[in-house]
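Q: Okay, here's the structure, questions in a sec.
Readers should treat all values here as calculations from the given coordinates under stated rules, not as data from a laboratory. In this text the structure is predicted, and so the values were computed from the model without any measurement. Virtual Cβ from ideal backbone geometry, glycine too; neighbours counted across all protein chains shown.
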Amino acid sequence: MTEAMIEVEDVSKTFDAVTALDGVSLAVPRGSVLGLLGHNGAGKTTLVNVLTTMLPPTSGRARVAGYDVVGQAHEVRSRIGLTGQFAAVDEGLSGTDNLVLIARLLGASRRDAKARADELLALFDLTDAAGRPARTYSGGMRRRLDLAASLVGRPDVIFLDEPTTGLDPVSRIGLWEIVENLVGDGTTVLLTTQYLDEADRLADAITVLADGRVVAAGTAAELKAQVGRRAVHVTLATAADAPAAMGTLEKAGLQPVHDEPNNAVSTSVNASTDLAVVVRALDEVGIEVAELALTEPSLDDVYLALAKNKIAA
């Protein structure tokens with residue numbers, strides 16, 4: 001069984017009358033990414049703060065890299081890296097000096113600190129800007145430098161708290177690729193994000209928080225399966241064919257829905273092979289199709305369904 005690098009057991013955290021975390025439990029295996037999703041105020045950052053020893057839990061236990069976050073906080077801190085929602089680099093220092101400073105604070109010699117800084121600047125494609133003050137960097141460059149700073153001590157576990165907030169699409173994708181390479185080398189990552197496409201791409205497993213509680217957990221595929229099936233969407237070439245299309249699909253055992261404004265018919269299906277059932281049924285009655293698409297439920301669908309259930313509750 002793969003070693004768990006993050007273990008959270010029934011953790012709660014209260015601030016006076018406010019409950020930020022309410023009995024949260026989760027585990028993250030070595031060399032994997034856990035995506036932590038939730039609305040603002042759901043408890044994501046509070047959980048990160050507990051796991052990085054910045055806040056003690058009110059109750060429950062948590063271990064990171066095998067060490068208790070309260071009783072062995074120093075051991076935990078020596079094995080983790082943290083990138084918060086906003087770049088935390090010193091903008092008055094150069095890229096090199098930022099990384100050398102961190103390495104020296106971690107106990108490296110001047111020579112080793114410079115070597116580690118050069119290595120990370122090359123990894124994050126910042127060598128050409130190494131001597132420039134960080135204040136001259138673009139937003140994407142500052143985020144890359146911030147992530148590089150969290151890796152100076154070669155951590156076993158990295159916490160990324162909404163790391164791509166405010167980045168343009170190109171910078172986001174670049175950061176995703178860096179994270180994927182780190183995980184490929186065995187690093188464990190806990191990623192908080194509000195970007196569902198980010199979680200869908202990076203996370204091996206996903207936990208959804210709402211009001212400090214875990215309301216759903218599983219792989220992206222498992223969560224999608226909870227909220228809906230695949231659907232086939234058919235745009236008809238002729239609006240007059242809609243009644244015949246509905247009839248032949250019902251005869252084939254499907255439950256079509258007519259989208260009159262878009263001159264389309266949609267039906268849920270159990271498997272991608274059912275696409276052929278739709279095509280055959282329409283062909284049997286001579287209906288011409290302008291466009292045909294098979295869609296999967298998305299994490300957006302999962303999130304909206306969870307939000308709807310929460311409101312209904």
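Q: Using the 2.2 N^0.38 Å rule of thumb for compact globular proteins, work out how the stretch 1-159 stacks up: its C-alpha Rg over that value, please.
A: Computed over Cα atoms of the stretch 1-159, the ratio equals 1.14.
Q: Further, regarding this structure: Mean-square fluctuation check for the chain, GNM, Cα pairs under 10 Å: which of Leu101, Leu175, Leu37 is largest?
A: Leu101
Q: Another question, then. Which one of Met54, Ala42, Gln72 has its Cα pushed farthest toward the positive end of the charge dipole of the stretch 9-105, where Lys and Arg give +1 and Asp and Glu give -1 at the Cβ?
A: It is Gln72, whose Cα lies furthest towards the positive end.
Q: Fewest Cβ neighbours within 10 Å first, please rank Ser268, Ser59 accordingly.
A: Ser59, Ser268
Q: Would you mind ranking Leu126, Leu160 by Cβ crowding within 10 Å, fewest neighbours first?
A: Leu126, Leu160
Q: Would you calculate the convex hull of the Cα atoms in the stretch 165-313 and tell me its volume per residue in Å³?
A: Dividing the Cα hull volume of the stretch 165-313 by its residues yields 168 Å³.
Q: Between Ala17 and Ala231, what length in nm is gained on full extension when 0.36 nm per residue of separation is reduced by their alpha carbon distance?
A: That pair, Ala17 and Ala231, stretches by 72.5 nm at full extension.
Q: Output needed for the chain: three equivalent-ellipsoid semi-axes, defined as square roots of 5 times the C-alpha gyration tensor eigenvalues, in descending order, whole Å.
A: 46, 25, 16
Q: Also: Roughly how big is the chain's charge dipole about its Cα centre, with Cβ charges of +1 (Lys, Arg) and -1 (Asp, Glu), in debye to the nearest 20?
A: So the dipole magnitude of the chain works out to roughly 1180 debye.
Q: What ranking do Leu223, Leu99 get, fewest neighbouring Cβ atoms within 10 angstrom at the top?
A: In increasing order of surrounding Cβ atoms, one gets Leu223, Leu99.
Q: State the Cα centre-to-centre distance between the stretch 149-220 and the stretch 39-71 in whole Å.
A: 17 Å
Q: Below 10 angstrom from the Cβ of Glu9, what's the summed charge of the other residues (Lys, Arg +1; Asp, Glu -1)?
A: Once all neighbours under 10 Å are counted, the net charge is 0.
Q: Pairs of lysines 8 or more apart, or on different chains, with alpha carbons under 18 Å: count those in the chain, would you?
A: 4
Q: Here's something else I'd like to know. Could you work out how much longer the chain between Arg111 and Glu91 gets when fully extended? Use 0.36 nm per residue separation minus the Cα distance between them, nm to one decimal.
A: 4.9 nm
Q: What is the dipole size for the stretch 229-296, taken about its Cα centre, with +1 at each Lys and Arg Cβ and -1 at each Asp and Glu Cβ, in debye to the nearest 20?
A: 220 debye
Q: Sort the following peptides by mean Cβ neighbour count (other Cβ atoms within 10 Å, averaged over residues), highest first: 11-21, 148-158.
A: Descending packing order for the listed peptides: 148-158, 11-21.
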